[in-house]
Every structure is written in structure tokens, then in C-alpha cells.
Amino acid sequence: MRNPLESSCGRFIAYTYFSGEGNMAADATTTEGTNTGRRRLTGKVVSNKMEKSATVSVERLVKHPRYHKYIKRQKTYMVHDEANSAQPGDLVVIEESRPLSRRKRWVIVESNA
């Protein structure tokens, strides 16, 4: 007879049962807050010369595989700016969205100017 914790491939599976109030399982199922499952990035506005659009540059640090030094990498995103409020140099938070045009898949959520 097989062990009930053993799966079909022979590995053991750990089952955790939660009971009672105030546990993490109940907290994980609540939908409070703004967690939409979409990525959010913080960047700097580079250009706003288009109507309802802006270009945002996002920097990230990447560790060099051999020399273990952190290198700055940057990427620019075309973002949707409904209010045309973003000015070059502003720090903004952008969020993924559905495709709005050929190159725009991000929307400005917050402006920290």
C-alpha cells in the first residue's frame, strides 16, 4: 500500500491544513487593496511630445556574471498619459495594461512630480 503523502512519481508532498481565524490562508483570499497582478515600474519621463502619450525610461541594476559588479541597464517604454500631465524629468509609476496601440502597453498610474 502506498503512503498517502507520496505522489505518483514517488516524491513526498507536504499538505498543510489551515483552521481557525486570523490565519494566512484567509488573509490571502481577501481582495482588499489594488493588487491587480500587473507589473508596476518606476521611471523617469523622457519625452511628452505626443498627444496622450509619453516615453518613460526605467533603469535596473544587473549583476555581471563574471566580475560581480552591478551594471545599470535602461529600457524605454511608450506609456499612455490620458491627462497629458507628465513633464520631462518627472518620476512616474507605470503599470501594464492591454495593448492601446502598436507600441503602447503601459499606463501612467502615479506621478511623483
With criteria (1) over 22 Å from the mean Cα position of the chain (by Cα); (2) free of Cβ contacts under 8 Å to residues at least 40 places away in the same chain, Gln87 comes up short on (2)
With respect to Asn3, is the statement that it is modelled with pLDDT under 95, exposed (fewer than 10 other Cβ atoms within 10 Å of the Cβ) and either over 21 Å from the mean Cα position of the chain (by Cα) or of a type in the set (Ser, Thr, Tyr) (or both) true? yes
In the range 39-96, which strands (runs of 3 or more DSSP E) lie fully inside it and hold 2 or more residues that are under 15 Å from Ala113 (Cα atoms) and at pLDDT 95 or above? 40-50, 53-63, 91-96
If you go through the range 97-113 one residue at a time, how many are under 15 Å from the mean Cα position of the chain (by Cα) and part of a loop (DSSP other than H, G, I, E, B)? 2
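The values are calculated or read from the model by the stated rules, or taken from the named source; none is laboratory data. What you see is a predicted model; the values in this text were computed from it and never measured. Cβ atoms come from the backbone with ideal geometry, glycine included; neighbour counts cover every protein chain shown.
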